Structures are given as structure tokens and as C-alpha cells.
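What follows is a set of notes on a single structure, which appears directly below.
The values are calculated or read from the model by the stated rules, or taken from the named source; none is laboratory data. Remember, predicted model here, so these are calculated numbers, not experimental data. Cβ atoms come from the backbone with ideal geometry, glycine included; neighbour counts cover every protein chain shown. Ligands, DNA and RNA are stripped out before the accessible areas are found, and what is left, the full protein with its side chains, is counted by its heavy atoms. Shrake-Rupley method; radii C 1.70, N 1.55, O 1.52, S 1.80 Å.
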Amino acid sequence: MSTTILSTRGLTKTYGDGESLVRAVDGVDLDVAAGETVAVMGPSGCGKSTLLHLVGGLDRPTAGEIHLAGRRVDQLTERTLARLRRTDVGFVFQAFHLMDELTVVENVELPALLAGRSPRAARARATELLRRVGLAAKAAALPTALSGGQRQRVAVARALSNEPVLVLADEPTGNLDSAATLDVLRLFEELHEAGQTLVIVTHDERIAATADRLISMRDGAFVDETRLTGGTSGRLGALAELEG
Amino acid sequence: MQQEVVLALLAKEPSHGYQLRARLRQALGPVGEAMNAGQVYVVLTRLEKAGLVTTESPAPATAKDTADRKTYALTAKGQHRVAEWLTEVSWPKPDLAEFHLKLVAAAAAGLADPLSIVDTQRRELLRRLREAQRAAMAEPDGSDAALLLEGIVLRLQADLRWLEACERSWTTRRSAP
Amino acid sequence: MGRLLLIARLAGRDLRRRPAEAALLLLAITAATTTLTLGLVMHGVAGDPYQRTREASAGPDVVASVMPDPVTGAPADPAVLTELSGADEIAASSGPFPVAGTTVEVGGRTADVQAVGRPAEPADVDRPIVTDGEWLGGGDGVVVEAAFADALGIEAGDTVTLGGESVEVAGIAVTAAMTPYPAASCLVVCTPITINGEPVRDMAVDVLEEPGLIWVGESMATSLAADPDDLAYVSYLRLDDPDAAQAFADARIPNGPMDAMLEPWPHIYEQVTHIERNAQRVLLTGAWLLGILAVASVAVLVGGRMADQTRRVGLLKAVGGTPGLVAAVLLAEYVLVALVAAAAGLVAGGLTAPAITDRAAGLLGGAATPSLTAATVATVTAVALGVAVVATFVPAVRAARTSTVAALNDAARPPRRVGWLIALSARLPVAVLIAVRVAGRRPRRVALSIASMTVTVSGIVAALAANAELNTQLASDPDPRMERLGDVLAVITVTLVALAAVNTVVATWATVLDVRYSSAVTRALGATPAQLAAGLSLAQVLPAFLGAVLGSAGGPLLYDAVDQDDVVLPPAWWLVAVVVGVVVAVSALTVVPARLAARRPVAPMLQGELA
Ligand SMILES: Nc1ncnc2c1ncn2[C@@H]1O[C@H](COP(=O)(O)OP(=O)(O)O)[C@@H](O)[C@H]1O
Ligand SMILES: [Mg+2]
């Protein structure tokens, strides 16, 4: 039995009130086990990003509970939330959100520096992570000189900087072409194999299909859950219409 | 499998059956794994009968390994056929109409919930997508097979999106009779 | 025509879209133009009325006087003056006239006066010009010097008590032969008399304090003196060559108390205009400093705005605006603001100038409001326009040149990368790390902040030094005009500080906007709001600190340049206090915008599709 890293109960976030009340997230119960990759899929505007922001402490819920790594985090002060983001969570965004004036390695070491690591330790960790995402050669480059896929890999490396218990990715391939998407998926797969817990929200079926578990979201609520592990195999030939 | 595929593989130079099989496997990667080893020889035999391919057996031929030792080559007619095939614009069409009619019929007769049919289908396609995607991820960049897998993945993705549209459509139909 | 209208409409609309910024711009430029107007008006005042008075009143080139020996009481000898009038260089002369020291009483106030006995008929040299009433008519009427009359509230036709007797004031007059009250030179014995630096207390004759000037009939002058031996005498001399007056006086420096004392006209002129010229120098320097600050503030405002406006520029260009049109719209906005600021500055300066230049009605035209000449209006307007054009030119051209596509995509100005700063900051505490990196993104803005703080602190330090010197002078020689100079200094200092405060807030605001995106990312990566707020605030404080240090070195230099007298360096602890004060003030000014920015919710910013 694996431990639960993340669990939410009745998680709700509303915007506005009265006539214009929007239930961005509406009573979500989510449990993520250690080492699991969970994909949350749904159409644009169904509340995926909001859910991720709540879970990662970037935003506060209107109601409900969030337990992260055995700690209740929905009532924390802004300051404690910042520490939580620093140590327990790593974010990967659709728009990468790298700092253009910092080199690749400086971007990756930034969370470690913010967490008060020594410059030397932060740099060593960043270099190691860049090697892991296959971008050691680009350490001194500026993000603007990288392709979209490479930038997103840098962003993933940055998310791993402080060895978070949970990596949260918001449409990580939304800005990428098919080949770059494959690169990022491979990277997520490697993380998965290394035991990293991942929650990915996306409307890209390819990411969803590679997750252990796929949750469908509509209008702020979970409507379906599919476990994709196991199942059919050896049917690729059928896909290519080779048989018959 | 299309006869023309095997024919075209012979256009470069006369080859042994096992050479053809290796070339196919390389181009198809994991997709070709399900391919029956004898399939190529079945096709070659048909082509020979149709006069598109000639064979040449090295002497002395032994009964045992005939098939493997033979060299296949294109005839003039075969070459003509290959050239013709390359200019064709035929395209495999996914049979969406069948699935669509399945939903319509199920709903009309009240035999089954179209939404659950969509859902089951979606799960199936997701499994296939997962498999194709994993195969693609395992493939080295730039291999012939990777390109084929990408095509399969994109295709499945398109199918899944259509299923999503089906689901939306049948949900609204159900809620507004 | 239609084009101009279009430009004006677009510019006007953009200004209305951001009224607060437009108001700040207006404020910054108006402060500079007001000060400049004051400086220029002062410039016109200094010198001019004295020359006019001198010409109209047949003013003397040299004033010669003899007085009784203040220590022994030996009487003055008018023959010394008569002899002097016979010198070769003399073209004309009048006098010697008797002068009696006495007191005047009017409306309960008593003041010392020196009463000069004059005949009724006009003299060849020094014919005081009557501005009210009439000149001595041979009767008992007296004529009062205009500045003195003004100070005591005396008007023609009043009755005053002179030396115990009631007399009627026949008229009020101005003269070029003496500095107007209260800086009059002494024809009789005045305080303080010092011999070898020691004040002489025990004197044989009455000693007057800050005497006013009154013209009386000759016989009255004699009768006003308690003893005829107490009379002093004055002669007014015109030379063949007025420019030789100083040399004439230098050649006849008195050897003893009985010798004639000579005051050449340039000395009177110097006395009359000294304070005005000081005030003018202070004001012009102040105007320059304020002008520089205004440019800095406008540049930051405009730079910050331009970053925001890239998209608008893109839209303008996408619908067919030429780069010229775009630049014209942007320039038109600031030119509009500059014109309004110039007008406001001229009005404000014109209205306040009399308060500073009003040095009593001692000279012809001296009491009149100094007028705004066409040249002043032109200069002020040109400077205001210059400020606007200089500050907007580079950004306007850059915005106009931006590729339409890039502008539409709102590719804001890419941040600069200063590698060594980034590497250095990695070793610093988180708040300082954030501050250094925030500042490092915009080296030009930092330079501007440093420059603006250098200017401000230089101005403050120079003003403090000047004020300190003024206070020591005032302690020994109280003079309302000097006090007014102190007021001018205070006004300039306050304006400098206010403008610097506006600059700081504007720069902080621009920075906060500029880094709102990377702030959001930094917070997502785990920086606390407190760290971020401290970083944003420090990003302003660091350049301000540098500027303050530079400014406290530059202040004495500036003071030295403005005041040719000996420079009294302000004590070191002042400078330290100023630097500390700047740091505290800038922290206080930035803390609110920085905290607000640091507490803003992160999520919406990160949702943006494009970085
Ligand atoms: N700051 C906000 N204020 C008001 N409404 C918001 C805000 N953020 C998100 N929403 C609304 O909440 C819903 C969910 O948004 P979001 O989580 O971004 O969806 P998704 O990421 O799935 O596209 C949307 O309807 C959106 O308009
Ligand atoms: Mg989203």
C-alpha cells in the first residue's frame, strides 16, 4: 500500500458572487499516491488551472481541505505557503515562465537560492538536473536561444530544484509542437520511473494517455476516472492497418 | 498488407525474402512486430503469379530453404505497377460512419446508452493511444518508425476529439429531449 | 489638417486614459518651469532699476563725506570736501551739505535718521526724484527716502516728529546716491563702530543704528544737531569718466578719522543688487536642478508608459499608421503637457516673484511687479518643451520603430542581462538577490535614479551649507532681505525634495509594473511576499543610497560653483544624516507600492498565455 502524498476533500474555489458567481473548482476530492502520475483532463475553462493553483498553494480555496505530505495546507499563512511552494512543490507552466535575463543554469538554480541554499550547492544541483534533462550543454545559454521543448525541459529541471514531493504541471505541452511534446513526455516518464509524484492538467490526450490515472473534469468537478495501466498490448499492428 | 508495398521495396534492387522482411521491420519498428513472418512470402508468391515479380534460385536448390534463398526481382510489368502506385492518392478512411450509426441506432431502439458506448470506446482508444505513445517514446528520434508512430498517435488523438464531440452532443440530446 | 487633428485626438485620448500619470508629468515639469521663471525674473530685476534711477537723478559717481571724530569728538571740516571738489577729475559737484543724526517718530515707532540739509533748488549732482508729493520748498517740510518711508508707513502730507519737533512730510523721493533703507551707508556715526575688530562702546558722539534718510532744509539740519560740531557733511561728485570712480576712491583712502570717506557708485550698485543677484543665482541653480529632476522623472514615466504602450503602437501601425505618425502622437502628448506646464510655471513664477524681489521702494520702478518679458516666456516655454522632447524622443522613436508584429505580440522591452551582477547576487540574502536582479534588468533606469538622487542631495547639501552661512551672517547683521533669501532656499529645497519623492514613487511604480511578471514567477518558486516586497523596495533604495553618497560629495562642489565666497564645508555628520535620511525616506516611499505589488495574487499573472 503506497502512501498518499496529496489529498483534497470538498475542495471549492468560487469567483465573484450573486449572478456572476463562477464555481471554478466545485467540491473536488482528489487522492494522489506517492510515485503516481495523475492527469486531469477537461475542456478549457473547466477549472484545471485553478485546481492546480489551489493544490500548489498559489491560491486559496473558498472551502475544503488540502493535505500535502501529511500536512493540512489550506489554512496556512502566505508566508508558510511560500515555504511550501519552495520545498514541497515544483511548478511547470504552459508558458514556461523562465526568466529571460537569466541563463539556463541560473534559472534552474533560482529556487534553491530562494530556499537559502549556498550558491555552490545550488549550482551543483542545477548542473546535475540539466544533465538529467539532457541540456547540460545549454547551461550558459539564454532561454530565448532555446526551442520550446528545450525551454520546457529547463522549466522541469527548475521545478525539481528543491526535490519537491509533488510536481504540478499546467498544460506543459500546450505551447509545443508534436516532436517537442514527445521530448517532454519522455522526461515525465523518466521522472515517473524515478518515483516522482506528478499531477498534470492538460487537454492533450497524449499526456493523459501516458498517465497512470486519468481524471476527467467538467465545470469544476471530477466526472470520470480511468486507470490506464495494464490492459491491451500488441495491438499496434492493428492501429497501422497492417493486419488483414 | 498492400502488395504494392512489397513491390516498391524491390524497386531498389533484387532482394532475398528475408532482406525484404528486415527492411519492413526497420521501417515499421514496433508496429511491425505483430507482423507474421510468413506474410511477406505469401505476398511475394501472389506477385510472382501475377507476373509482377520473377525469381532466381541459386543452384543447387535444396528443398528446405527454397523460399529464403530465392532472389526476387521486379519484372517490367512490376516496375510499371510501382510507378503507378506511387502516383495514386488513395488514403485509408477511418470508418466513422459505422460508429456514428451505432450510436444513432442504440439511442433510437433504446438498446444501450450512447454515452456509455462513447465512454467505452474512449477508454479503448485511450489504451491504444497510450500504447502508441509509449512506443513512440521508446523510439530513438528520427527513426522511420517514430514518424509512423507519430502519425498513429495524431490520428488517435483526432478520433478521441471526435468522441468528445459525440459525448457533448449526446449529453445535450439526452438532457433536452 | 485632418492629420494634425487625428494626432491631437489620439494624444488627448491617451492622456485621459491615464490621468494620474499625466498629472504627475505636469507636476514635475511645472516645478521646474516655476523655478526657472523666478530665476529669470530676478535676472531682469538685478541692476536695472538702479541704473535708471542713477540716470534720472543725475546720480553722483562718488559720494564724499566727513564726520566728527567718533572717539575724540573733534568736529568735521567741510573744507576737506570743498577741496576735493576742486580735483582735476571732477566734472561737477554739489555740496558740501550738512548732515545731522537724529530720530524720527511716527505712529508710535521711533527710528534713527540722518537728515541731509539741502537747498530748495535742484543741485547739479544728485537730484532725488520725487515719487510722491514735492521737493523741499524752503519751508519746514521734509522729504523722506522712499524705502524708509515704505518701512515706516510714511506718506506725503503726513506729520512726523523729527528731533522732537513736528514737521510735515512734503514728499517721498528716491536717490542713487545711497543704498535704500535699511542698508543705507553711514554719513554720520553708525553702529557698530569697530577699531581693530573690537566694538567701540564709549564714544563722544551719538551713535545711530540703521538710520533712514531724510532731506531737510539746510537751516533745519543745523538746528537738528545738538551742537554744530556734531554735524557731518556730504558732497556729491561727478567725474569726467564715471568708470574711473573706483580708481578715484582707491587713490584717496582715508588716513585718519578727519579725512573724507569716498563711496564710488559701483559700490552702491553692488550693495543694491547684491542680495538680488545671490537670490537669482540660487534660483537659477535651483531651476537647473529641478529641470534635471524633471527630465529624470519624465524619462522614467515615459519609459514605463512606453513599455505599456507597445501594443497600442502596434495597433496604430497595424491600421496603417506610419512610424512618423506614431512618433508624432507620442510626442504630441508630452508637448501638450509641457505647454500647460510652461504656462502654469510662468503664472506661478510671475505671481511669486514680487514676494522675493520686492526690496522696498528705494529705487525707480523698484516697487513695480517685475514683468515677464517675452524673452522669459520664450525661454521657459523652450525649456519645458525641451524637457518633454528630450525625455520622449528616444522612447518615441524606439516605439515607432518597433516591428508591428513584435509590438502586437506585446513583446515589452526585453530586460537587460548584467551577468556579473546576477552572479554576485547569488551570494546575497534572498531580498538583496531579488533587489539586485530587479535593478539589473533596467540599468538605464537605475542610472536615472542615481542621477536624480545625486541632483537632489547635491541641492539639499548646497542649500544646507548656504543656509548655514546665511544664518551666521544674519546673526551678525539681521537683514530682512537676507531672510527672504533664506526663504527662497527653503522653497527650492522643499521643491527638490518633493520632486525627488515624486520621482521615487514613479520609479517604484514603473519597476513594479515592469517586474510584475517575474515577481509572480519568483513567488511561485517560493519567495515570500515579505522577501519580494523587501527586494522591490531595496531595488530603489540601493541606487538612492549611491546617489545620496555621490550627492553629498557633489553638494559642496555645487555650492562652491554658485557662491564665490569662501565655502564653509558642512560638518561630516550632516552628510551622514542626509544619506541616512535619504535611505529612510526612500524606504518609506517605496514600501507601500512594493508591499502592494508583493501581495497581489500570483495565479492570474501566471495564467497569461505569453510571457
Ligand atoms: N481570477 C479569476 N477571476 C474570475 N474568474 C476566474 C479567475 N480565474 C479563473 N476564473 C474562471 O474560473 C474558471 C476556471 O478557470 P481555469 O482554472 O483557468 O480553467 P482551465 O485551466 O481549465 O482552462 C473559468 O471559468 C474562469 O473564467
Ligand atoms: Mg488553464
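Of the residues A:Ala115, A:Ala136, A:Ala169, only one is open to solvent by less than 60 Å² (accessible area, probe 1.4 Å), away from ligand 1 (no atom under 16 Å from the Cβ), out of contact with any Lys or Arg (no Cβ under 9 Å at 6 or more places or on another chain) and among the small types (Gly, Ala, Ser); which?
On the way: A:Ala115 fails: out of contact with any Lys or Arg (no Cβ under 9 Å at 6 or more places or on another chain); A:Ala169 fails: away from ligand 1 (no atom under 16 Å from the Cβ).
Only one candidate passes the filter, namely A:Ala136.
For residues in region A:49-69 being within 16 Å of ligand 2 (Cβ to nearest atom) and hydrophobic (A, V, I, L, M, F, W, C), which is nearest to the other protein chains (Cβ to nearest Cβ)? Steps first, answer last, please.
Our first condition is that a residue be within 16 Å of ligand 2 (Cβ to nearest atom); within region A:49-69, this holds for A:49-56, A:58-59.
With hydrophobic (A, V, I, L, M, F, W, C) added as a condition, the list becomes A:51-52, A:54-55, A:58.
Values: A:Leu51: 11, A:Leu52: 9, A:Leu54: 9, A:Val55: 12, A:Leu58: 5 Å.
Ranking the qualifying residues of region A:49-69, first place goes to A:Leu58.
Count of region A:172-199 residues, restricted to those that are open to solvent by 20 Å² or more (accessible area, probe 1.4 Å) and not basic (Lys, Arg), is 15. Tally time: how many residues in region B:123-142 are open to solvent by 30 Å² or more (accessible area, probe 1.4 Å) and more than 7 Å from chain A (Cβ to nearest Cβ)? Adding up the residues that qualify gives 6.
Of all the numbered requirements in (1) in contact (Cβ under 8 Å) with a residue 40 or more places away in the chain; (2) more than 17 Å from C:Pro593 (Cβ to Cβ), C:Gly526 misses one, and that requirement is (1).
Quick grid of which residues meet (1) assigned to a helix (DSSP H, G or I); (2) crowded, with 16+ Cβ neighbours inside 10 Å; (3) in contact with a His (Cβ under 8 Å, 6 or more places away or on another chain); (4) of a type in the set (Val, Ile, Thr):
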position: C:Ala221; (1), (2), (3), (4): yes, yes, no, no
position: C:Asp229; (1), (2), (3), (4): yes, no, no, no
position: C:Arg238; (1), (2), (3), (4): no, yes, no, no
position: C:Asp243; (1), (2), (3), (4): yes, no, no, no
position: C:Asp259; (1), (2), (3), (4): no, no, no, no
position: C:Leu262; (1), (2), (3), (4): no, yes, no, no
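Within region A:172-187, the only residue that satisfies the criterion of being β-branched (Val, Ile, Thr) and within 16 Å of ligand 1 (Cβ to nearest atom) is A:Thr173. For region A:166-189, a residue qualifies if it is within 10 Å of chain B (Cβ to nearest Cβ) and acidic (Asp, Glu), and the qualifying residues are A:Asp183, A:Glu189. A single member of B:Leu156, B:Leu111 is in contact with a Lys or Arg (Cβ under 8 Å, 6 or more places away or on another chain) and either over 17 Å from B:Glu33 (Cβ atoms) or among the acidic types (Asp, Glu) (or both), and it is B:Leu156. Among the conditions (1) more than 26 Å from C:Pro414 (Cβ to Cβ); (2) open to solvent by 60 Å² or more (accessible area, probe 1.4 Å); (3) within 11 Å of chain C (Cβ to nearest Cβ), the only one that A:Arg151 does not satisfy is (1).
Just to check your reading of the model, which residue among C:Leu489, C:Leu485, C:Leu532, C:Leu513 is open to solvent by 20 Å² or more (accessible area, probe 1.4 Å), in a helix (DSSP H, G or I), of a type outside the set (Gly, Ala, Ser) and assigned by the TED database to the domain that holds C:Ile434? Can you show your working first?
On the way: C:Leu489 fails: open to solvent by 20 Å² or more (accessible area, probe 1.4 Å); C:Leu485 fails: open to solvent by 20 Å² or more (accessible area, probe 1.4 Å); C:Leu532 fails: open to solvent by 20 Å² or more (accessible area, probe 1.4 Å).
Unique residue meeting the criteria: C:Leu513.
For region A:48-59, filtered to residues that are open to solvent by 10 Å² or more (accessible area, probe 1.4 Å) and assigned to a loop (DSSP other than H, G, I, E, B), the residue that is nearest to ligand 1 (Cβ to nearest atom) is A:Asp59.
Checking the stated criteria, A:Asp29 turns out not to satisfy the condition of being more than 9 Å from chain C (Cβ to nearest Cβ), away from ligand 1 (no atom under 14 Å from the Cβ), surrounded by 21 or more Cβ atoms within 10 Å (Cβ to Cβ) and under 12 Å from A:Leu6 (Cα atoms).
Take A:Ala179 and tell me if it is aliphatic (A, V, I, L, M), away from ligand 2 (no atom under 14 Å from the Cβ) and farther than 19 Å from B:Leu126 by Cα. Here the answer is yes, as A:Ala179 does meet what is asked. Taking (1) more than 16 Å from ligand 2 (Cβ to nearest atom); (2) open to solvent by 20 Å² or more (accessible area, probe 1.4 Å); (3) of a type in the set (A, V, I, L, M); (4) farther than 19 Å from A:Asp212 by Cα in turn, A:Leu11 satisfies each apart from (2).
Being in contact with a strand residue (DSSP E or B) (Cβ under 8 Å, 6 or more places away or on another chain), under 24 Å from B:Leu163 (Cα atoms) and hydroxyl-bearing (Ser, Thr, Tyr), is that true of even one residue in region A:193-209? The answer is yes; a qualifying residue exists.
Pick from region C:317-367 the residues that are aliphatic (A, V, I, L, M), part of a loop (DSSP other than H, G, I, E, B) and open to solvent by 60 Å² or more (accessible area, probe 1.4 Å): which of them is modelled with the highest pLDDT? Please lay out each step first, then the result.
Initially, region C:317-367 is screened for residues aliphatic (A, V, I, L, M), giving C:318-319, C:325-332, C:335-344, C:346-348, C:351, C:353, C:355-356, C:360-361, C:363-364, C:367.
Next, only the ones that are part of a loop (DSSP other than H, G, I, E, B) stay: C:319, C:360-361, C:363-364, C:367.
Within this subset, residues satisfying the condition of being open to solvent by 60 Å² or more (accessible area, probe 1.4 Å) are C:319, C:367.
On the way: C:Val319: 70, C:Ala367: 41.
This residue is C:Val319.
Flag: C:Ala588 matches the condition of being free of Cβ contacts under 8 Å to residues at least 12 places away in the same chain and closer than 24 Å to C:Arg445 by Cα.
Would you mind stating whether A:Leu142 is surrounded by fewer than 23 Cβ atoms within 10 Å (Cβ to Cβ) and either in contact (Cβ under 8 Å) with a residue 60 or more places away in the chain or within 16 Å of ligand 1 (Cβ to nearest atom) (or both)? Spelling it out, it is not the case that A:Leu142 is surrounded by fewer than 23 Cβ atoms within 10 Å (Cβ to Cβ) and either in contact (Cβ under 8 Å) with a residue 60 or more places away in the chain or within 16 Å of ligand 1 (Cβ to nearest atom) (or both).
Would you call C:Ala463 at pLDDT 75 or above and in contact with a Lys or Arg (Cβ under 7 Å, 6 or more places away or on another chain)? Lay out the reasoning, then the answer.
Details: at pLDDT 75 or above: yes; in contact with a Lys or Arg (Cβ under 7 Å, 6 or more places away or on another chain): no.
No.
On the phi > 0 side of the Ramachandran plot and either at the interface with chain C (Cβ under 9 Å from one of its Cβ atoms) or without any contact (Cβ under 8 Å) to a residue 60 or more places away in the chain (or both): does that describe A:Phe96? Yes, satisfied.
Among the conditions (1) within 13 Å of ligand 1 (Cβ to nearest atom); (2) open to solvent by less than 50 Å² (accessible area, probe 1.4 Å), A:Leu21 misses just one, which is (2).
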